[in-house]
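Below is one structure; the comments refer to it alone.
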Amino acid sequence: MAEKSRVIVFNSDGMGHSEAQDLPKVLAHKFLALIGANGLLPDAICFYADGVKLACTGSPVVAELRALEARGVELVLCQTCLETLGLSERVGVGVVGGMTDIITAIWEADSVVTL
């Protein structure tokens, strides 16, 4: 049986919503570290809306994202989102793409997980 392709989507600056401000970032950090440590690598991780903040300098998960990228995980950041949020000059990891790149990654995947 062929291995299934998987794409993870971050559309917020962390995982979940909580009154504890740092909890979503802590969860994202643990999630990304654990998928890397356990070899549960997606084909791509797409970032749009506030999710692009995770791939910018100063983010607490940039090191984990760099490690995943080094292992072949494609990281795609929405250019429109970066520009709108004033973050174009702060990209710390991944490639800046258009919505077409995100659509292609999602459409070609066997499964998509939105966090």
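Annotations for the structure displayed:
- Of the listed requirements (1) closer than 16 Å to Val112 by Cα; (2) part of a helix (DSSP H, G or I), Ala67 misses just one: (1).
- Just one of the listed residues (Leu40, Leu32, Leu54, Leu23) is surrounded by fewer than 17 Cβ atoms within 10 Å (Cβ to Cβ) and under 15 Å from the mean Cα position of the chain (by Cα), and it is Leu40.
Any read-out appearing in this document is the output of simple, stated calculations on the displayed coordinates, not a laboratory observation. The model shown is predicted, which means the values in this text are computed figures rather than measured ones. Positions of Cβ are generated from backbone atoms using ideal geometry, with glycine treated the same way; all protein chains shown enter the neighbour counts.
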